[in-house]
Amino acid sequence: MHSAWTRLDRGHRALLALRAEGYSLPEIAAIAELTIDVLQSRLYRARLNFARYLEEERVAQLETEKEISQ
């Protein structure tokens, strides 16, 4: 999970971290100086990228385990 997190753009990590800490969308928008619409778009892209990176890690782990077991 750590490598998926570090692969994210720093801005996306910051937005996701603020959301995970319980900040509301208006609070995050004020902190990041973004409109709510832009914030929602960036959070959506950040979540998609994070999910994709996690899946890539999972597949790589499975492939490594398969190679080791052979």
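The values are calculated or read from the model by the stated rules, or taken from the named source; none is laboratory data. Bear in mind that the values here come from a model prediction, so they are computed numbers and not experimental data. Cβ: placed from backbone, ideal geometry, glycine included. Neighbour counts: every protein chain shown. For the accessible areas, the whole protein counts, side chains as well, though only heavy atoms, and no ligand, DNA or RNA atoms are used. Shrake-Rupley method; radii C 1.70, N 1.55, O 1.52, S 1.80 Å.
Quick notes on this one:
- Summarised in one figure, the compactness ratio Rg/Rh of the chain, Cα atoms and Kirkwood Rh, is 1.16.
- Heavy-atom accessible surface of the chain: percent carbon and sulfur, 1.4 Å: 54 percent
- Applying the Karplus relation 6.51 cos²θ - 1.76 cosθ + 1.60 with θ = phi - 60° to region 28-43 yields 3J(HN,Hα) values of 5, 4, 5, 4, 8, 6, 10, 6, 4, 4, 5, 4, 4, 5, 5, 5 Hz, where x marks Gly and Pro.
- A probe of 1.4 angstrom, applied to the heavy atoms of all protein chains, finds HIS2 with accessible area near 140 square angstrom.
- Computed from backbone phi, the HN-Hα couplings of region 57-70 come to 5, 4, 5, 4, 5, 4, 5, 5, 4, 5, 5, 5, 6, 7 Hz, rounded to whole numbers (Karplus: 6.51 cos²θ - 1.76 cosθ + 1.60, θ = phi - 60°; Gly and Pro given as x).
- Ranked from largest to smallest solvent-accessible area, with a 1.4 Å probe on the protein heavy atoms, ASP37, ASP9 come out as ASP37, ASP9.
- Solvent-accessible area of VAL38 with every protein chain in place, 1.4 Å probe, in Å² to the nearest 10: 60 Å²
- Amide N proximity, region 48-65 versus SER3 label position 7 Å along Cα-to-Cβ, cut-off under 17 Å: 50-65
- Dividing the mean sequence gap of close Cα pairs (under 8 Å, 6+ apart) by how many residues the chain holds gives a relative contact order of 41 percent.
- Solvent exposure, largest accessible area first (probe 1.4 Å, DNA, RNA and ligands not counted), of ILE36, ILE68: ILE68, ILE36
- Solvent accessible area, Å² - TYR23, 1.4 Å probe, full protein context: 90 Å²
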